[in-house]
Amino acid sequence: MLEFLDRIVAKFSPDLGIDFGCSELGVVECGKNSWREPSRLTYDIRHDKVTAVGAKSKLMEGRTSRNECVVRPIQRGCVCDYTGTLELLRFVLGRASQMGIWGPRVMLAVPVDVSEVEERVLADLCRFAGARDIYMVPALLASALGAGLNVTGSKACMVLNMGAEITQAAVLCMGGIVAAASIPLGGLDLDKQIADYCRARHGLVVGLRSAEFLKITGGCARTDKGGEEWDIKGRDLKTGFPRRLKLTAAQIVKVLAPKLEQVAQLIQRVLQNTPPGFAGDIVESGLTLCGGSSQLKELDHYLSEMTGVFCQVAENPATCTLKGLEQMYYDPRIMKTIMAGGLRLNSYVGVAGGI
């Protein structure tokens, strides 16, 4: 009887999948559309209230008055501002085309090493934001599903998700996680590495947006073409005047190398913690790269050389996690297999109290 009533309620409320990222929240409304909302809030300091959320707040970053400040309530996959995260989730859930009478079901993709306390915090936030049911799955599992990997089969597969602020890797088999690890490093750290290099070696102060643009256009994990050059603009540290700097491909590769070595070490650590019985499966299937930052040129070839494991970038890597969340809603058998495999899939139906 309860299952029948639940199916009736589900027809009048949407199913949402939320990629609980750092720089942005990825949202998919099953059967309709998907979008990304920047994790930004603008506070009015004098009146202690939120004046802008999401994309509007990101446009104000670096352009606010003395009485306003832009904050990021979610950093490195963790909730840093309880009230700010609640406002952000309310805004995201409110964007759904049909909130329904009872509120939507929400499935959150969270970091693989999230603690039970952090899960409970997120569950409370989603409940207060208007969610009816809350489910939580590791983001790596959703990424693997969205990339087309068979995570419920008897053969192991390996996936790496490189986001804006956190990089995670795991070996999956039979709907469970065999071994996993993460490091607080992502695309924003690569941008900062470029900006720090320009300031320290060339006396040029550049913004993170300019550094990101250079990373996208000229960034590369490895290259044999040292003669290519790209421009980056900023302010001269000594004179204070605007100045243009030319960087070669070889220089950019050298700048990014220390951070990318940490990603290779993460993969090696996961492989070392994987039972030897799964080694043959990993050699056969290789490593699949997901996440927006995995689109760095030649990253797959670089990691293959460093780890000895064949690496490939998934199709549309930035949307793999959202695709995986949507698949879980459409195919309940996947969810049952995952639960039978011992993977922690927490359902917070009825959670309403605080910690």
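Numbers for the structure displayed
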item: Histogram of C-alpha separations across region 100-146, 5 Å bin width, %; result: 5, 21, 28, 21, 15, 8, 1
item: All-pairs alpha carbon distance profile, region 35-84, 10 Å steps from 0, percent; result: 28, 55, 17, 0
item: FRET efficiency, 1/(1 + (r/R0)^6) with R0 45 Å, evaluated for Lys246 and Ile45 via beta carbons; result: 0.65
item: Nearby aspartates and glutamates by direct alpha-carbon distance to Lys155 (threshold 15 angstrom, same-chain neighbours under 8 apart not counted); result: Asp281, Glu284
item: Solvent exposure, largest accessible area first (probe 1.4 Å, DNA, RNA and ligands not counted), of Phe20, Phe213, Phe128; result: Phe213, Phe128, Phe20
item: Mean-position separation - Cα centroids, region 57-110 and region 161-209, in angstrom; result: 22 Å
item: Length-normalised contact order of the chain in % [C-alpha pairs under 8 Å, at least 6 apart]; result: 18 percent
item: Residues Lys238 and Val117, FRET efficiency given R0 of 30 Å [Cβ-Cβ distance, rounded to 0.05]; result: 0.05
item: DSSP beta bridge pairing in the chain, given as percent antiparallel to the nearest 5; result: 70 percent
item: For Cα Rg over 2.2 N^0.38 Å, calculated from these coordinates, the label among (1) 1.18; (2) 0.95; (3) 1.05; result: (3)
item: Tensor-based shape of region 147-231 (alpha-carbon gyration tensor, a/c under 1.5 rounded, otherwise prolate or oblate); result: prolate
item: Span-rule helices in the chain, defined as complete DSSP H runs reaching 27 Å or more along the axis (Cα) with Kyte mean at least -0.5; result: 249-272
item: Three-way shape call for region 8-74 based on the alpha-carbon gyration tensor, with the a/c threshold at 1.5; result: prolate
item: Cysteines without a disulfide-compatible partner [the chain; Cβ-Cβ under 4.7 Å]; result: Cys22, Cys30, Cys69, Cys78, Cys80, Cys126, Cys157, Cys173, Cys198, Cys220, Cys311
item: Assigned charges on the beta-carbon of Lys, Arg, Asp, Glu; region 130-237 dipole about Cα centre (debye); result: 100 debye
item: 20 Å Cα-Cα threshold exceeded, pairs from Lys49/Lys192; Lys233/Lys259; Lys192/Lys246; Lys215/Lys297; result: Lys49/Lys192; Lys233/Lys259
item: Largest to smallest accessible area among Trp35, Trp102 [probe 1.4 Å]; result: Trp102, Trp35
item: Accessible heavy-atom area order of Lys259, Lys233, Lys297, highest first, probe of 1.4 Å; result: Lys233, Lys297, Lys259
item: Per residue, in Å², the accessible surface of the chain once ligands and nucleic acids are set aside, probe 1.4 Å; result: 48 Å²
item: Whichever lysines have a C-alpha closer than 26 Å to that of Lys32, once near sequence neighbours (fewer than 8 apart) are set aside; result: Lys11, Lys56, Lys58, Lys323, Lys336
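The values are calculated or read from the model by the stated rules, or taken from the named source; none is laboratory data. It should be emphasised that the depicted structure is a prediction, and the values quoted were computed from it without experimental measurement. When we count neighbours, we look across all protein chains shown, and the Cβ atoms used for this are built from the backbone with ideal geometry, even at glycine. With ligands, DNA and RNA removed, areas are computed over all heavy atoms of the protein, side chains included. Shrake-Rupley method; radii C 1.70, N 1.55, O 1.52, S 1.80 Å.
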